[in-house]
């Protein structure tokens, strides 16, 4: 059973601990490398690094956006009042009132609503306690994320396996057609030479030499062998229980290289049509592989 994983997914986890209620949301999308962006409460910047490290253990490739919301439980955090800032605000407002010749008074409600006057006491934020309460929520979110990435990976694996089988069918058709191309060329060459020579006898050895030269130029047997080998490796890689997106992408590049060479060497309409179909399948697979971890 394939263990292919997509880079796209979503996970959410919540946990209420001894001091904090924590909610974690994770969103992941495809990315060439691994990029982890963590947003934590402004008064707990130290929470960012352990969250990033835990995500890095679970995700090998892709961009992950993590949003961590922390709510202190009642009785666990105090308030901070910046009296000096409030006095400065009041003085500035009084100066503005006099300058504009206004009658309004500066009241307590207005002062309390101004930025920085009243807030949570950052000194009472216990990072260790917060991480103890945040870790279970993060693990829950990571489990949900992994499940979604695995489900989408299974769908990707089915699509890739189907495309690979269609590609294999085109390859076998090309391999069967290749010997007929040489025979067809030999017959056409004999007809043209006979038409030009008229009653003059044609040397069989010279005709055979021309056919041999063409057969050597049009020989695609090595390309077909390498293409089959790359396809076998691709099929085996789909079954690996590890991040394989880059390896699959490399194999598709090699497969496309062999198909291009087949198209340039085989001077035959039937093979040319099969080459077009092979390139279409490889491009479809390449688009799918861009989302594989």
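Consider the stretch 238-252. How many of its residues are outside any loop (DSSP other than H, G, I, E, B) and surrounded by fewer than 18 Cβ atoms within 10 Å (Cβ to Cβ)?
Count: 4.
Is there any pair with a first residue in the stretch 107-118 that is free of Cβ contacts under 8 Å to residues at least 12 places away in the same chain and a second that is surrounded by fewer than 12 Cβ atoms within 10 Å (Cβ to Cβ) and part of a loop (DSSP other than H, G, I, E, B) whose Cβ atoms are under 7 Å apart and which are 6 or more apart or on different chains, and what are they?
From residues that are free of Cβ contacts under 8 Å to residues at least 12 places away in the same chain, there are no pairs.
Examine the stretch 210-228 for a residue that is within 30 Å of residue 150 (Cα to Cα), surrounded by 11 or more Cβ atoms within 10 Å (Cβ to Cβ) and at pLDDT 60 or above, and state whether such a residue exists.
Within the stretch 210-228, one or more residues are within 30 Å of residue 150 (Cα to Cα), surrounded by 11 or more Cβ atoms within 10 Å (Cβ to Cβ) and at pLDDT 60 or above.
Which of the residues belonging to the stretch 35-56 are modelled with pLDDT under 95 and over 13 Å from residue 134 (Cα atoms)?
42, 43, 45
Considering only residues that are surrounded by fewer than 14 Cβ atoms within 10 Å (Cβ to Cβ) and either under 26 Å from residue 72 (Cβ atoms) or at pLDDT 80 or above (or both), which ones fall in the stretch 89-101?
Those that are surrounded by fewer than 14 Cβ atoms within 10 Å (Cβ to Cβ) and either under 26 Å from residue 72 (Cβ atoms) or at pLDDT 80 or above (or both): 91, 92, 94, 95, 96, 98, 99, 100.
Just one of (1) at pLDDT below 95; (2) surrounded by fewer than 17 Cβ atoms within 10 Å (Cβ to Cβ); (3) under 16 Å from the mean Cα position of the chain (by Cα) trips up residue 29, so point out which.
Against the list (1) at pLDDT below 95; (2) surrounded by fewer than 17 Cβ atoms within 10 Å (Cβ to Cβ); (3) under 16 Å from the mean Cα position of the chain (by Cα), residue 29 comes up short only on (1).
Take the stretch 156-183 and flag every residue that is more than 23 Å from residue 225 (Cα to Cα) and either out of contact with any strand residue (DSSP E or B) (no Cβ under 8 Å at 6 or more places or on another chain) or at pLDDT below 90 (or both).
If the condition is that a residue be more than 23 Å from residue 225 (Cα to Cα) and either out of contact with any strand residue (DSSP E or B) (no Cβ under 8 Å at 6 or more places or on another chain) or at pLDDT below 90 (or both), then 157, 158, 159 are the ones that fit.
Within the stretch 269-287, can you find the residues that are at pLDDT below 95 and surrounded by 19 or more Cβ atoms within 10 Å (Cβ to Cβ)?
271, 274, 275
Filter the stretch 46-62 for residues that are in contact (Cβ under 8 Å) with a residue 40 or more places away in the chain and in a helix (DSSP H, G or I); which is farthest from the chain's Cα centre (by Cα)?
Filtering first and then ranking leaves 46.
The values are calculated or read from the model by the stated rules, or taken from the named source; none is laboratory data. Predicted model only: the values in this text are computed from it and were never measured. Don't worry about glycine lacking a Cβ; one is built from the backbone with ideal geometry, like all the others, and counts go over all protein chains shown.
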